[in-house]
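Below is one structure, written out as structure tokens, with a few remarks after it.
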Amino acid sequence: MKSIAHAGRRWTVAAVAALGALTLAIGAGATATATSSGQSTSTPVPSTFPDGMLMSYVVNARIANPGQVRLVEKAVAAAGGVVVQSWPQIGVVIAHSDRSAFRAEVVKAGGNAVQSVGATRTASVSEGTPAGLGATWGRGAADYKKATGKPANGDLPAESPTPGVGSDALESRQWDMTMINAPAAQAVTDGNRNVLVGVLDSGIDPDHPDLAANIDIASSVNCTAAGRPDLSPTGWYPTTSDHGTHVAGTIAAARNGVGIVGVAPNVRMAAVKVVNDDGYIYPEYAICGFVWAGLKKMDVTNNSYYIDPFEFWCSDQPDQAAAKEAVRRAVTWATGQGVVHAAAAGNSAYDLANKTVDNGSPNDTTPVARVINNGCQDIPTELDGVVTVASLQQFPAGSTTSRLSYFSNRGQGVIDVAAPGSSILSTIVRNNGWGTKSGTSMASPHVAGVLALMKTAHPTWTPDRMIAELKARAVAKPCSAATAGAVCVGDPGNNSYFGAGVVDALAVMQP
């Protein structure tokens, strides 16, 4: 996978509105200059597309209401585009066009109705433009058992241990659950069936014995159909990756005498597929996922990925800023519907509080070695209202102590909490089995599970209250020895490695 397992947090998108509707893509070759904050402007990425090259765009209405969205839809058509999906709740329209002047033309046609427009990728649309746009469509995914076995952006390949005999026989290997106090919390409750967790990922194995009973099929969806909800019966099944299946097991593998036990083994999960068969999570997929979570009144989402094709989306680059604004709107709207979000901090061993360079973006065409700044965000998780999770490694091996995983991103004032993420045993697609993976992708679902238990104990708490209590009740962890040369700064309960500390499943359930 190209992008699964990255994430970060907290630098709000304040610059988007100031871009103006007429500010379009800057050409390649510009040099970085200093901003008033002392940081360099980010290096522009080439974004000129020839006629005939089918591209995907977000068009953001200036005001999020149905009337404004209808005006934007008319502007898309007038500019030679096709409306793929409209989200009037957030004032965002997803459009396809093969015209090189589409961005300028949609701004001209839309006038004051259009706030910003930007391409969502640098490669041509591979999934095609949906046919029959008046109705739900989807290509389905019958071959959901196909698994590549390739690492997912730093995640280690899965293993297939032989299950033991007895009640949840692999539970003894779940050192991670002990570290976050999950067994003690489960002695109180395994969670409530009213609680629904959206797993925004590559799909969940529908017939895995540890997962099938907890999948809410009616709330599951495939968002990789160009960003349009696909409700076909098999659309949300995993196709080329078992990443989402592994994540789901950590959140809510059932207590059923088989395999492992998740953090909250009695809550429901919805498979919200946002990863396409090539491993990309484009903005329109994530937007669909977050809005869907809000529409279905989910309680929690887990987001173990960064949005492609940029590891960091820059507010001073118009295309990137427009896409980032659209994602921000989707996250904010879902939060307003009562959804709280957990996300992975990323596997680049990067200081998210002091951004300087990015050598891997865009990852769907040719990466550009570029200067970046703190206005360049790893999304969705460097957005307000999202819990950013760093990864812990059991150290020394076999002990009850931990340190920051060598791959984990960090950042003072960016990381919110920490959870286990190295060598985590969970469910995999192959043989309906179990295997280990490593990554901040594996840390984030521990927090999603803890939030699900919190919602069980405190059903009236808002997302803001839940985040505040999660951090306040975390076990403060002081700076440890530097990992991979990364210096830890800050105090116990507020440092660049662990944020507020290690999440505590039992503590969040207390009055």
Checklist entry - Pick from Gly413, Gly421: which is in contact with a strand residue (DSSP E or B) (Cβ under 9 Å, 6 or more places away or on another chain), closer than 25 Å to Val331 by Cβ, surrounded by fewer than 18 Cβ atoms within 10 Å (Cβ to Cβ) and at pLDDT 95 or above? => result Gly413
Checklist entry - How about segment 44-78: which of its residues are surrounded by 20 or more Cβ atoms within 10 Å (Cβ to Cβ), among the hydroxyl-bearing types (Ser, Thr, Tyr) and either modelled with pLDDT of 95 or more or out of contact with any strand residue (DSSP E or B) (no Cβ under 7 Å at 6 or more places or on another chain) (or both)? => result Ser56, Tyr57
Checklist entry - Which residue, of Pro380, Pro362, Pro367, Pro396, is within 16 Å of Gln320 (Cβ to Cβ) and without any contact (Cβ under 8 Å) to a residue 24 or more places away in the chain? => result Pro367
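Could you list, in sequence order, the residues of segment 248-275 that are on the phi > 0 side of the Ramachandran plot and surrounded by fewer than 24 Cβ atoms within 10 Å (Cβ to Cβ)? Walk me through how you get there before you give the answer.
Kept after step one, since they are on the phi > 0 side of the Ramachandran plot, are these residues of segment 248-275: 257, 259.
Selection gives Gly257 alone.
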Checklist entry - Of the residues in segment 455-488, how many are crowded, with 16+ Cβ neighbours inside 10 Å, β-branched (Val, Ile, Thr) and out of contact with any Leu (no Cβ under 6 Å at 6 or more places or on another chain)? => result 3
Checklist entry - Checking Ile307 against (1) over 30 Å from Ser172 (Cα atoms); (2) out of contact with any Pro (no Cβ under 6 Å at 6 or more places or on another chain); (3) of a type in the set (A, V, I, L, M, F, W, C), which test does it fail? => result (2)
Item to check | Residue selected from segment 478-511 under the condition part of a strand (DSSP E or B) and not hydroxyl-bearing (Ser, Thr, Tyr), by the criterion farthest from Val450 (Cα to Cα) | outcome: Ala486
Checklist entry - Looking at (1) closer than 22 Å to Lys471 by Cβ; (2) more than 13 Å from the chain's Cα centre (by Cα), can you tell me which one Ala342 breaks? => result (2)
Checklist entry - Being in contact with an Asp or Glu (Cβ under 7 Å, 6 or more places away or on another chain), surrounded by 23 or more Cβ atoms within 10 Å (Cβ to Cβ) and modelled with pLDDT of 95 or more, is that true of even one residue in segment 90-101? => result yes
Checklist outcome for this item: Within segment 271-287, the residues that are part of a strand (DSSP E or B) and not aliphatic (A, V, I, L, M) are Lys273
Next on the checklist: Condition first: closer than 23 Å to Gly398 by Cβ and among the charged types (D, E, K, R). Now tell me which residues in segment 172-194 satisfy that.
Outcome noted: Arg173, Asp176
Item to check | Residue among Asp319, Asp308 that is crowded, with 24+ Cβ neighbours inside 10 Å and in contact with a Phe, Trp or Tyr (Cβ under 6 Å, 6 or more places away or on another chain) | outcome: Asp308
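Identify all residues within segment 60-71 that are of a type outside the set (D, E, K, R) and either out of contact with any Ser or Thr (no Cβ under 8 Å at 6 or more places or on another chain) or under 20 Å from Glu311 (Cα atoms) (or both); write none if there are none. Lay out the reasoning, then the answer.
If we filter segment 60-71 for residues that are of a type outside the set (D, E, K, R), which is where we start, we get 60-61, 63-69, 71.
Those that are of a type outside the set (D, E, K, R) and either out of contact with any Ser or Thr (no Cβ under 8 Å at 6 or more places or on another chain) or under 20 Å from Glu311 (Cα atoms) (or both): Ala61, Ile63, Ala64, Asn65, Pro66, Gly67, Gln68, Leu71.
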Next on the checklist: Can you pull out every residue in segment 385-401 that is under 25 Å from Asp299 (Cα atoms) and small (Gly, Ala, Ser)?
Outcome noted: Gly385, Ala390, Ser391
Item to check | Filter result (in a helix (DSSP H, G or I) and within 15 Å of Arg228 (Cβ to Cβ)) within segment 70-112 | outcome: Glu73, Val76
Next on the checklist: Which residue is nearest to the chain's Cα centre (by Cα), if the candidates are limited to segment 373-388 and must be farther than 25 Å from Ser124 by Cβ and of a type in the set (Val, Ile, Thr)?
Outcome noted: Thr381
Checklist entry - When Leu295 is evaluated against the numbered criteria (1) surrounded by fewer than 24 Cβ atoms within 10 Å (Cβ to Cβ); (2) touching a strand residue (DSSP E or B) at 6+ places or on another chain (Cβ under 6 Å), which criterion, by number, is the only one it fails? => result (2)
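The values are calculated or read from the model by the stated rules, or taken from the named source; none is laboratory data. All figures in this text were calculated on a predicted structure; none of them were measured in a lab. When we count neighbours, we look across all protein chains shown, and the Cβ atoms used for this are built from the backbone with ideal geometry, even at glycine.
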